[in-house]
Amino acid sequence: MHNNLASCTLVKFTPQPTTPPELADFLDEYFTVTACNYTDDGKEEYVGYADINFNPADLIKAAELQGITLPAFKTEKLENKNWLTANVIKFAPFEIADFCIYGVHEEQAPQTKKLPLKIYAATAFGSSHQTTRCCLEAISDINKLGKEHQKILDIGTGSGILSLACTKLWKNDNPHIIAGDIDNEAVNVAAQNAFDNHLEQYLDITQSDGYQAEIIKNNAPYDIIMANILARPLIEMAPDLAKHLKSGGCCILSGFIDEQTEWVLSAHEKFGLKLLKIYQLDNWRAALMEKVL
């Protein structure tokens with residue numbers, strides 16, 4: 001894999017039960033890239049990526065000027081020369097639904113009757129996470145239901161694993177799959193994973209803030225939309241999802257915990273989607289929904 005990433009500073013904030021909107025807005029504005037992860041106990045952990053010369057005092061001063069109280073945070077320098085290679089996640093191969101997922105560190109593909117997918121797992125990775133496993137089950141269920149799958153959109157694609165799974169499952173039908181992510185690093189990783197699996201001809205991988213990229217707008221409506229992100233952006237983008245999903249189409253939503261399920265579902269139900277199935281693994285949830293209006 002080519003490493004096009006610059007050195008940077010990782011700023012990791014102490015997990016909070018809930019991140020106040022004003023704090024989230026401030027961090028999103030201050031940092032070049034942010035991510036909000038959920039810990040296993042449901043707390044929100046904000047992470048910011050800043051310039052290699054990041055000065056904590058500047059962050060604190062900027063927050064004070066806006067009346068923002070910052071959680072405690074730690075910083076870590078991430079060097080370009082070894083960032084990607086040092087952060088490869090060496091997970092054991094696993095089978096889930098129709099698929100067998102294994103890492104690039106494996107010398108050869110596992111012996112399996114499932115559809116194999118080789119994944120480079122690092123900064124853009126979600127492939128061994130509970131929500132990703134739930135989404136892979138949902139993709140298999142869409143196939144069992146015989147739903148249309150010619151036009152597919154993957155929002156927040158990360159490693160590209162969900163798009164690649166769809167390609168493996170339906171490539172004989174020559175689907176058009178668009179995978180988007182706001183983070184250019186994720187776009188690079190997803191493109192590399194597509195190449196490694198010899199599936200690049202089926203995917204258009206693009207940098208996009210939600211549904212904003214022209215290629216995403218111009219190819220709507222979609223038979224399937226997948227969004228394995230977090231509860232807050234899922235809810236914020238519910239109107240866009242409904243707008244871009246064709247009537248009778250399915251969506252896979254994930255990245256939320258049990259306590260947030262009704263919150264996420266209700267945000268989509270008011271735009272004409274109905275629940276088909278809930279998936280759960282530990283405290284994480286995914287939902288398969290269908291547009292009925």
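Miscellaneous remarks
- Residue pairs meeting the criteria (Cβ under 9 Å; at least 6 apart or on separate chains; first small (Gly, Ala, Ser), in segment 51-62; second in a helix (DSSP H, G or I) and surrounded by 12 or more Cβ atoms within 10 Å (Cβ to Cβ)): Ala62/Phe26; Ala62/Tyr30
- Beta carbons closer than 7 Å, at least 6 apart along the sequence or on distinct chains, pair a first residue in segment 266-293 that is more than 17 Å from Leu234 (Cα to Cα) with a second that is among the β-branched types (Val, Ile, Thr) for Asn283/Ile257.
- Residue count for segment 263-276 under the criterion of being surrounded by 15 or more Cβ atoms within 10 Å (Cβ to Cβ) and touching a strand residue (DSSP E or B) at 6+ places or on another chain (Cβ under 7 Å): the result is 5.
- Failed condition for Ala179, given (1) open to solvent by less than 10 Å² (accessible area, probe 1.4 Å); (2) on the phi > 0 side of the Ramachandran plot: (2)
- Unique match (being within 15 Å of the chain's Cα centre (by Cα) and open to solvent by less than 50 Å² (accessible area, probe 1.4 Å)) among Asn197, Asn219, Asn228, Asn184: Asn228
- Subset of segment 162-187 (residues that are aliphatic (A, V, I, L, M) and within 30 Å of Val47 (Cβ to Cβ)): Leu162, Leu164, Ala165, Ile177, Ile178, Ala179, Ile182, Ala186, Val187
- Every condition in (1) at pLDDT 70 or above; (2) assigned to a loop (DSSP other than H, G, I, E, B); (3) open to solvent by 70 Å² or more (accessible area, probe 1.4 Å); (4) polar (S, T, N, Q) is met by Asn4 except one, and the failing one is (1).
- Residue satisfying all of: in segment 88-105; modelled with pLDDT under 70 and open to solvent by 60 Å² or more (accessible area, probe 1.4 Å); nearest to Gln16 (Cα to Cα) among these: Ile89
- Evaluation of Ala62 against the conditions (1) of a type outside the set (Phe, Trp, Tyr); (2) farther than 30 Å from Ala138 by Cβ; (3) touching a helix residue (DSSP H, G or I) at 6+ places or on another chain (Cβ under 7 Å); (4) modelled with pLDDT under 85 shows that the sole unmet condition is (4).
Okay, residues lined up against (1) modelled with pLDDT under 85; (2) surrounded by 16 or more Cβ atoms within 10 Å (Cβ to Cβ):
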position: Cys8; (1), (2): yes, yes
position: Val11; (1), (2): no, yes
position: Pro15; (1), (2): no, yes
position: Asp28; (1), (2): yes, no
position: Cys36; (1), (2): yes, yes
position: Asp40; (1), (2): yes, no
position: Lys43; (1), (2): yes, no
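- Set Lys81, Lys113: member being modelled with pLDDT under 70 and part of a loop (DSSP other than H, G, I, E, B): Lys81
The values are calculated or read from the model by the stated rules, or taken from the named source; none is laboratory data. The model shown is predicted, which means the values in this text are computed figures rather than measured ones. Cβ sites come from the backbone with ideal geometry, for glycine too, and all protein chains shown count toward neighbours. Calculation scope for accessible area: heavy atoms of the full protein, side chains included, ligands and nucleic acids excluded. Shrake-Rupley method; radii C 1.70, N 1.55, O 1.52, S 1.80 Å.
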